[in-house]
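Presented below is the structure to which this report refers.
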């Protein structure tokens, strides 16, 4: 049986049913419902923040795009009437496209919507977030929001959540307009928020392994891994190749602040805030267990007050010649 919310008004000790709907009151999905929810993400979930609205995807505009405090992208699809089961397929279509988006693309969308880059917005929204140790858009969550839900869709949401641990939920709203003209919005979730958060926490246990341990590769193996990484299309790889490594080879030990200024100086960042975000992404790459070959050649010192923050970078002396040769070879074949 589909989820339904009913409301009664207490008048002179008696209950009078209130049955006013969004459509009946002349409210519209885009102009009203979307604006209301965009103003307060907690209507959907208390652990998310919105970074985009009417975001263009391969399958059309997504109502609201969010991100949670673990870095997961959040797809929010709204309906001002009953949620049909087709809404799930539509949201999955959106999520499958967004799963391929880079952190940089998400940051551009965030900047257009909030006026802040993704790093700044996340820190403002979640003051305790550890940006160095989260993987942005590693997985996606789906929320369907409407004023009722078809029984088939409710059954599908429960089945996907319980049997396959899919991060999908449905939020059923109730709009009430009182006789005095006050407007109220209540909500109930098909999957409780507590269960939803437990699922997200559980998935983070299987996130990409991180480490500070350097690799121990032979020179031939190291050369191959470094050349492959620095020649890849990954933007963080290109930024390391074009800015970070050349500066470290030139200046020795370099602080995070100096690297931020260098990014701006060479025109690869618009400002130091954006450069700082790029360095967070590079730090994330360096911290991945699989990238131990980077830690074999590049050392770093942590911030004394913020031990998750890499404050100083340097090339280990025994690998300076190797890196210079690899950069030279890559430039000659570019």
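Result for the chain in a Gaussian network model with C-alpha springs under 10 Å: among 179, 267, 151, the largest mean-square fluctuation is at 179. For the chain, the longest principal axis of the Cα atoms and the long axis of helix 320-333 meet at an angle of about 70 degrees.
Ranked from largest, the principal axis spans of the Cα set of segment 81-159 equal 41, 24, 24 Å. Once the Cα atoms are used to define both axes, helix 256-265 deviates from the longest principal axis of the chain by about 90 degrees. Debye-formula intensities of segment 219-333, expressed as log10 I(q)/I(0) at q = 0.17, 0.22 Å⁻¹, are -0.81, -1.41 (one equal scatterer per alpha-carbon, no solvent). Here the Kirkwood formula, the inverse mean of 1/r across different C-alpha pairs, assigns the chain a hydrodynamic radius of 22.5 Å. In segment 238-297, the convex hull through the Cα atoms has an average projected area of 3.9 nm², a quarter of its surface area.
Taking the square roots of 5 times each eigenvalue of the Cα gyration tensor of segment 7-204, largest first, gives ellipsoid semi-axes of 30, 19, 17 Å.
Exposure proxy shown here: for 175, 164, 300, the number of other Cβ atoms within 10 Å sets the order, fewest to most, as 164, 300, 175.
Residues 159, 101, ranked from the fewest to the most other C-beta atoms within 10 Å, line up as 159, 101. With neighbour counts taken as other beta-carbon atoms within 10 Å, the residues 239, 187, 250 rank, fewest first, as 250, 187, 239.
Taking only C-alpha pairs under 8 Å that are 6+ residues apart, what is the relative contact order of the chain in percent?
15
Size descriptors for segment 263-326 (Cα atoms only): Rg and Dmax, in that order, 13.2, 36 Å. Using Cα atoms only, what is the angle between the long axis of helix 103-114 and the major principal axis of the chain, expressed in degrees (0 to 90) to the nearest 10? Its long axis makes an angle of about 50 degrees.
Given a 10 angstrom Cα cut-off, can you work out which residue in 260, 104, 183 is the most mobile in a GNM of the chain? Looking only at 260, 104, 183, the biggest GNM fluctuation is shown by 183. Secondary-structure-derived ellipticity at 222 nm for the chain, considering helices only, amounts to -12000 deg cm²/dmol, per-run term -39500 (n - 2.57) for DSSP H runs with n ≥ 4.
Considering the chain as a Gaussian network with a 10 Å cut-off on Cα pairs, which listed residue, 153, 15, 279, attains the greatest mean-square fluctuation? With Cα springs under 10 Å in the chain, the top fluctuation among 153, 15, 279 is at 15.
Coordinate-derived values only; no laboratory data. As the structure is a computational prediction, the values presented were derived from the model and not from experiment. Neighbour counts are summed over all protein chains in view; Cβ atoms, including those assigned to glycine, are modelled from backbone coordinates with ideal geometry.
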